[in-house]
Amino acid sequence: MHPTSPTPRQPDRSARTIPVVVLAGFLGSGKTTLLNHLLAHRGGTRIGVVVNDFGAIEIDAMAVAGQLGDSMVSLGGGCLCCAVDGSELDAYLEKLSAPAHRIDVIVIEASGLAEPQELIRMLMASENPAIRYGGTVEVVDAAEFDATRAKHPETDRHLAVADLVVLNKTDRIDAAERARTEAEIAALCAPGTPVVAVDHGRVDPELLFDRRPWTQPQGQLSFEDLLAGEAADGEEGHAGHVHTGYESVEFVSEQAMHPRRFIDFLDRRPAGLYRIKGYVYFGVPGHEERYEVQAVGRFLRFATAPWGRGEARLTQLVLIGSAMEGAGLLRELEACREPQPRQVSPESMWGVLRYLARPVREEEAAPDDTSLDEPEQT
């Protein structure tokens with residue numbers, strides 16, 4: 001945590017309070033991947049989670065719900081930083097901090113379009129004696145950093161309030177690019193802010209929270225800094241928030257999707273369609289499992305998982321972007337539907353398998369394909 005100006009003295013209730021960590025980062029930076037890594041490597045730590053999806057279908061919440069049960073609450077259909085009075089967030093935190101849950105740490109996975117400083121302000125203003133602000137972790141996509149910063153200068157102020165920066169997806173850049181990016185991020189952050197380079201969100205959980213008794217104040221954003229930021233925000237108003245320039249489109253289909261038509265849709269997706277996430281059902285013989293799809297810019301990745309017992313075979317997608325023609329995108333997706341997937345040749349899956357996050361079996365590979373080793377771009 002970086003050193004800042006002293007904060008007003010408060011009663012020492014640290015031994016009884018639960019740290020609340022804000023997990024922030026722009027769209028597609030890898031927050032959910034990092035959170036799932038933390039949950040898988042939590043040891044004896046009991047982690048409560050607040051997930052704030054941008055869009056009516058709570059894909060991120062669905063991704064972590066199976067690991068947490070009643071230790072997770074979810075806010076969908078909007079951006080958490082828009083809850084000006086913080087009452088909804090307070091209600092969630094009150095639920096998770098109840099003694100019956102014996103939670104050690106709470107992680108707020110903010111929408112990729114949220115303003116972290118707003119969330120910090122809410123936590124600092126909370127009157128819940130069971131929780132305390134535990135710092136902000138900003139997740140950065142190493143491969144998309146320059147493009148994101150150029151398009152969204154808000155990135156600079158997000159980094160300025162971070163207590164820890166996780167430079168994610170460093171496997172997609174070389175050593176020289178990584179060093180340059182780390183130097184630029186360090187210059188934008190408060191002095192002493194650590195920048196941790198990882199891939200696939202694999203960060204040591206101890207860098208985000210400590211289970212030892214908290215006995216002294218930790219460095220954090222001061223009230224003076226918060227008030228100064230509030231004044232600056234007042235000049236531009238809520239319209240200045242980055243998420244106001246984005247919209248989300250949700251698509252649900254009970255019919256299977258034709259793999260070739262769906263890949264064609266992904267190949268020709270417009271530049272304004274920045275992020276795609278969700279689950280796809282193809283139903284092609286030999287490929288009836290659930291396919292998770294994640295797209296950031298031109299980056300595309302699929303992963304497979306079995307359907308849950310009794311789970312409906314559905315395609316559920318959230319598309320997030322700017323200047324999108326939502327009705328047109330929905331028409332294109334509807335054209336990808338396939339009423340008779342059992343009649344579709346397994347060879348039609350080759351395009352999907354090129355982007356699968358696991359080795360492709362020889363019998364699945366296209367005869368003339370020599371590069372099925374997880375390409376990074378479409």
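The values are calculated or read from the model by the stated rules, or taken from the named source; none is laboratory data. Quantities reported herein were computed from a predicted structural model and do not represent experimental measurements. Please note: Cβ atoms are built from the backbone with ideal geometry, for glycine as well, and neighbour counts cover all protein chains shown. Ligands, DNA and RNA are stripped out before the accessible areas are found, and what is left, the full protein with its side chains, is counted by its heavy atoms. Shrake-Rupley method; radii C 1.70, N 1.55, O 1.52, S 1.80 Å.
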(Q) Can you tell me which condition ALA175 does not meet? The list is (1) at pLDDT 80 or above; (2) under 19 Å from GLY25 (Cβ atoms), and all the others hold. (A) (2)
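Quick grid of which residues meet (1) open to solvent by 30 Å² or more (accessible area, probe 1.4 Å); (2) in a strand (DSSP E or B); (3) β-branched (Val, Ile, Thr):
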| residue | (1), (2), (3) |
| --- | --- |
| LEU93 | no, no, no |
| ALA100 | yes, no, no |
| ILE106 | no, yes, yes |
| SER111 | no, no, no |
| MET122 | no, no, no |
| PRO129 | yes, no, no |
| ARG132 | yes, yes, no |
| GLY135 | no, yes, no |
Q) Does the range 278-301 contain any residue that is modelled with pLDDT of 80 or more, exposed (fewer than 11 other Cβ atoms within 10 Å of the Cβ) and not aliphatic (A, V, I, L, M)? A) yes
Q) Could you give every pair whose Cβ atoms fall below 8 Å, whose first residue belongs to the range 265-285 and is assigned to a loop (DSSP other than H, G, I, E, B), and whose second residue is at pLDDT below 95 and open to solvent by less than 10 Å² (accessible area, probe 1.4 Å), counting only separations of at least 6 or pairs across chains? A) ARG269/ILE276; ARG269/ALA295; PRO270/GLY321; GLY272/GLY321
Q.
Condition (residue is open to solvent by less than 60 Å² (accessible area, probe 1.4 Å), closer than 30 Å to THR17 by Cβ and either modelled with pLDDT of 90 or more or not β-branched (Val, Ile, Thr) (or both)) applied to the range 144-159: is it met by at least one residue?
A. yes
Q: Name the residue, out of VAL51, VAL64, that is surrounded by 19 or more Cβ atoms within 10 Å (Cβ to Cβ) and modelled with pLDDT of 75 or more.
A: VAL51
Q) For the range 328-350, which residues satisfy the criterion of being of a type outside the set (Lys, Arg), assigned to a helix (DSSP H, G or I) and either touching a Gly at 6+ places or on another chain (Cβ under 7 Å) or under 23 Å from GLU254 (Cβ atoms) (or both)? A) GLY328, LEU329, LEU330, GLU332, LEU333, GLU334, PRO341, GLN343, PRO346, SER348, MET349
Q) Given the residues ARG309, ARG313, ARG358, which is the only one that is on the phi < 0 side of the Ramachandran plot, in a loop (DSSP other than H, G, I, E, B) and modelled with pLDDT of 95 or more? A) ARG313
Q.
Return the pair list, or none, for Cβ contacts closer than 7 Å from residues in the range 164-176 that are within 18 Å of VAL21 (Cα to Cα) and open to solvent by less than 30 Å² (accessible area, probe 1.4 Å) to residues that are among the polar types (S, T, N, Q) and modelled with pLDDT of 95 or more, at least 6 apart or on different chains.
A. LEU167/THR181
Q. Among the residues of the range 316-327, which ones are open to solvent by less than 50 Å² (accessible area, probe 1.4 Å) and in a loop (DSSP other than H, G, I, E, B)?
A. SER322, MET324
Q: Please indicate, with yes or no, whether at least one residue in the range 77-90 is at pLDDT below 80, open to solvent by 30 Å² or more (accessible area, probe 1.4 Å) and under 27 Å from ALA305 (Cβ atoms).
A: yes
Q) Does at least one position in the range 200-221 carry a residue that is at pLDDT 90 or above, over 18 Å from the mean Cα position of the chain (by Cα) and outside any helix (DSSP H, G or I)? A) no
